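The values are calculated or read from the model by the stated rules, or taken from the named source; none is laboratory data. Owing to the predicted nature of the structure, the values given are computational and were not obtained by experimental measurement. Note: ideal-geometry Cβ built from the backbone for every residue, glycine included; neighbour counts use all protein chains shown. Side chains included, ligands, DNA and RNA excluded: accessible areas come from the protein's heavy atoms. Shrake-Rupley method; radii C 1.70, N 1.55, O 1.52, S 1.80 Å.
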Amino acid sequence: MSHANDTVITKSDKTDRYQHHDYYGVDQLLSEDHLLARDAVRDWVKQEVSPIIEEYAEQAKCPVHLFKGLADIGAFGPSLPLKYGGGGMDEIAYGVIMQELERCDSGLRSMASVQGSLVMYPIYKYGSEEQRMKYLPKLGSGEFIGCFGLTEPDHGSNPSGMLTNVVDDGDAYILNGSKMWITNSPIADIAVVWAKREDGRIIGLIVEKGMKGFSAPEIHGKWSLRASITGELVFEDVRVPKANVLPNVEGLKGPLGCLSKARYGIAWGAIGAALDCYDSALRYSQERIQFGKPIAQFQLTQKKLAEMITEITKAQLLAWRLGSLANDGKASPAQISMAKRNNVHMALEIAREARQIHGGMGITNEYPIMRHMMNLETVLTYEGTHDIHLLITGMDVTGLNAFK
Amino acid sequence: MKLLVCISKTPDTTAKISFKDDNTQFNGDGVNFILNPYDEWYALVRAIELKEQKGGTVTVINVGDSSNDIIIRKALAIGADEAVRVDQPAKSSIDTAKQIAEYAKSQSFDVIFLGKETIDYNGAEVGAMVAELLELPYVSFASNMDSSAEHFVLTRDIEGGVEEIKLNAPFVVSAAKGMAEQRIPNMRGIMMAKRKPLNVIPGIETSSHTGVKSFTLPAEKDGVKMIDPDNMDELVRLLKEEAKVL
């Protein structure tokens, strides 16, 4: 891939001045593990990513070298068992890690979300022991990059209508079809792909780079998640050995189980983006003088800041409670939908308000605001759109399906 | 090699500083505490490097109550093998030094590391006191440790140059910038740290010959004074009379 040959940028003169905000003492609900994990990821982000993220986003290039760093810090599958290359941590630890990554950039968090929740998790959850041992340590250490293929050009919110299919051919399946909007796909070594069997049941397959008939062209021209690489997956009579089929799941619950994991991480991650916008807006409002005083002294600025920290606090409590439920294995997909939808929308609104507080500076790359705002437009739509999540809540409380 | 690293808890560098009890005590309410950066980045990491090079164990010691356990866990997550916490609040440099010396005297450590100072009180005293109490050589503010031979060569940055000191273990050294590079703990290290021993031991009675009379915050900085480029006399006057630098 062309990305592999690009000059790696590792330094700049930018300093990340972010300070954590914890208005309701939510930190006291966190354990030592959580706090250590969060602070470690924050330190790593400040050192390795914050100085270069604007440059990569501007150039619409993925900082591929960061996969190794993400692996070393333990951001891939932190809640998977140590034996399989995970961190052996709980769901709240996973959440705070996602928060700190997205505090820097939603694209950075996407790199980790996909690798951990959408590639390592299904192999761990639905794979055979051989598949686990073959792929998970390599994915956990960043030696392999993975991607996840569910969405298709004509099937986004309605994945059950997928056209990608497999035909039985003895010890292999012949895979045909295409997938769209696939994070990491052009640089991925393996893809977890969901396809329909001849009987109409959906199965998961591990497709490896280099298999004949498999290609992953990059999607260009994104105004969002510019530091994350996105592509297609194209399968033209790809012969996938049956040993690469995930044996322990059939049906849409397979991919949806992965998406619940990833959406859970997004519910936390979005708080990070919101915190970064709030932090920058608060500081800017105290330093920017107009009419002889800091703009933080004006009521309309205070209204914005006060509402921001109120919404962030609510989102933090929502995420923490969801994390507690997830630790007990009791977080329902509908509860995850509510948190993903609420927190991402909250973050996007805060990015917009923060942009106003920054005035003209808010549209420049001197501040992270517009980058977060553009990123969050994707986050609002991917992993279940804002509207679909609302309908999931609607269905959950009424018992009536408004999707179709 | 048997290595000891003395670690301290300090307010975060961005903490708002205030005092209580008639300005005789630091007010820690609402302050975020961290592992003292000189202890963490330089002393601890250099000790871990030495262990990686020559084998052995790295023990960290802290004087304080159980609220310090999180910074001790961090040290274990970075790579220390075991920890000792002397279970009483830190009172003064001499008290801390006596507690550390009391523990260390029966353990025969090869090297005892400290950061060059804590970033709160900036005393830079405990290292020298520990060395004296244990009757060991002491090198302060070392910015490099060459451990390639049987003996050690420690480098100190001094005015206009560097001083190199050759010595054999055992000794006490305080670490300055340059000794090592920060290591950020990873998730695996954080989880492994839970299984490493943290021994809580009682402190000993000590006496101190000094006490804090009061703390005072520095005066607030004045704004920038703009002077017309043609008005050199005014600039000189201000530098002389107000800034008092001429």
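Counting only protein heavy atoms and rolling a 1.4 Å probe, how much accessible area do B and A lose on contact, total for both sides, in Å² to 100?
Details: alone 14400 and 17380 Å², together 30150 Å².
Approximately 1600 Å² gets buried when B meets A.
A cut-off under 12 angstrom between Cβ atoms defines the neighbours of A:R263, and their net charge, with Lys, Arg +1 and Asp, Glu -1, is +2. Think of the protein assembly as shown as having a plus end and a minus end, set by charges on the Cβ of Lys, Arg, Asp and Glu; of A:V397, A:T301, A:Y284, A:V397 sits farthest toward the positive end of this dipole. For B:S140, the amide hydrogen comes within under 5 Å of the amide hydrogens of B:S174, counting only partners 5 or more places away or on other chains and with H modelled in the peptide plane. For B:M1, the accessible surface of its heavy atoms amounts to roughly 60 Å² (probe 1.4 Å, protein chains only, rounded to the nearest 10). For the protein assembly as shown, the calculated P(r) over all alpha carbon pairs, in 20 Å bins from 0 to the bin holding the longest distance, is 17, 44, 31, 8, 0 percent. 3J(HN,Hα) couplings calculated from phi for the stretch A:55-69 with the Karplus curve 6.51 cos²θ - 1.76 cosθ + 1.60 (θ = phi - 60°) are, in sequence order, 4, 5, 5, 4, 7, 6, 10, 8, x, 4, 4, 6, 4, 5, x Hz; Gly and Pro show x. Could you work out how far the C-alpha centroid of the stretch B:5-77 sits from that of the stretch A:82-161, in angstrom? What the calculation gives is 34 Å, centre to centre. The packing ranking of peptides A:210-217, B:19-26, A:144-151, A:63-70, highest mean first, is A:144-151, A:63-70, A:210-217, B:19-26, where packing means the average number of other beta carbon atoms within 10 angstrom of each residue. Only protein chains counted, 1.4 angstrom probe. Which residues of the stretch A:12-35 are at least 10 Å² less accessible in the assembly than when their chain is isolated? Those residues are A:Q19, A:E32, A:D33, A:L35. Per residue, the solvent-accessible area of chain A (1.4 Å probe, heavy atoms of protein chains only, all protein chains present) comes to 41 Å².
State log₁₀ I(q)/I(0) for the stretch A:242-344 at q = 0.12, 0.17, 0.21 Å⁻¹ as given by the Debye formula over alpha-carbon point scatterers of equal weight, solvent excluded. Treating every Cα as an identical point scatterer, log10 I(q)/I(0) equals -0.55, -0.81, -1.01.
Couplings for the stretch B:167-183, taken from phi via the Karplus curve 6.51 cos²θ - 1.76 cosθ + 1.60 with θ = phi - 60°, read 7, 10, 5, x, 7, 10, 9, 9, 9, 10, 3, x, 4, 6, 10, 3, 10 Hz in order; Gly and Pro are left as x.
Within the protein assembly as shown, antiparallel bridges make up roughly 60 percent of the DSSP beta bridges whose residues both belong there.
Across the stretch B:2-215, Cα pairs under 8 Å and at least six residues apart give a relative contact order of 28 percent.
Listed by chain and number, the lysines placed with their C-alpha closer than 17 angstrom to that of A:K68 are A:K11, A:K46, A:K138; residues fewer than eight positions away on the same chain are left out.
Ranked highest first by the average count of other Cβ atoms within 10 Å around their residues, in what order do A:362-372, A:11-21 fall?
Working: A:362-372: 19.8, A:11-21: 12.5.
Sorting A:362-372, A:11-21 by mean packing, highest first, produces A:362-372, A:11-21.
Below 8 Å between Cα atoms, with a sequence gap of 6+, how large is the relative contact order for chain A in percent?
On the way: 758 pairs, mean separation 67.7, N = 404.
After rounding, I find 17 percent.
Placing +1 on the Cβ of every Lys and Arg and -1 on the Cβ of every Asp and Glu, with no other charges, gives the protein assembly as shown a dipole of roughly 1320 debye about its Cα centre. Ordered by solvent-accessible area of protein heavy atoms (1.4 Å probe), largest first, the residues A:L322, A:L163 come out as A:L163, A:L322. Distances between placed amide hydrogens fall under 5 Å for B:V84 paired with B:V60, B:I61, B:N62, B:N199, all partners being 5 or more residues away or on another chain.
So, with +1 on the Cβ of K and R and -1 on the Cβ of D and E, and no other charges, what is the size of the charge dipole of chain B about its Cα centre, to the nearest 20 debye?
On the way: 28 positive and 37 negative charges, 207 e Å.
It comes to approximately 1000 debye.
In plain terms, the C-alpha convex hull of the stretch A:39-168 casts an average shadow of 9.6 nm² when viewed from every direction. Per-residue Karplus couplings for the stretch A:214-227, computed as 6.51 cos²θ - 1.76 cosθ + 1.60 with θ equal to phi - 60°, are listed in order as 9, 9, 9, x, 7, 9, 9, x, 6, 9, 8, 6, 6, 8 Hz, Gly and Pro entered as x. Would you mind pulling out the separation of the Cα centroids of the stretch A:353-385 and the stretch A:283-322, in Å? Cα centroid to Cα centroid, the span is 16 Å.
Can you give the percent of C-alpha pairs in the stretch B:15-92 whose distance is more than 15 Å? Don't jump to the answer; show the numbers that get you there.
On the way: 1891 of 3003 pairs.
Taking all Cα-Cα pairs of the stretch B:15-92, the fraction more than 15 Å apart is 63 percent.
Surface composition of the stretch B:50-131: carbon plus sulfur atoms hold 46% of the accessible area, using a 1.4 angstrom probe and ignoring ligands, DNA and RNA.
Tell me, what is the percent relative contact order of the stretch B:126-235, built from C-alpha pairs under 8 Å that lie six or more residues apart?
Working: 97 pairs, mean separation 21.6, N = 110.
Relative contact order comes out at 20 percent.
Taking 14 Å as the straight-line reach from the Cα of B:K16, the aspartates and glutamates in range (excluding those fewer than 8 positions away in the same chain) are B:D29, B:D120, B:E220. Taking all C-alpha pairs of the stretch B:2-215, those more than 29 Å from each other amount to 22 percent. Residues of B:186-199, mean number of Cβ from any other protein chain within 10 Å of their own Cβ, rounded to a whole number? For peptide B:186-199, the averaged partner shielding equals 6. Taking a straight line from the alpha carbon of A:K61, these aspartates and glutamates sit under 14 Å away, with near neighbours fewer than eight places off in the same chain left out: A:D6, A:D105, A:E218.
Heavy atoms only, probe 1.4 Å: what % of the accessible area of chain A goes to carbon and sulfur, would you let me know? Ligands and nucleic acids excluded, carbon and sulfur reach 53 percent.
Contact residues in the stretch A:61-84 by the 40 Å² criterion (accessible area, 1.4 Å probe, full protein complex versus chain alone): A:I73, A:L82.
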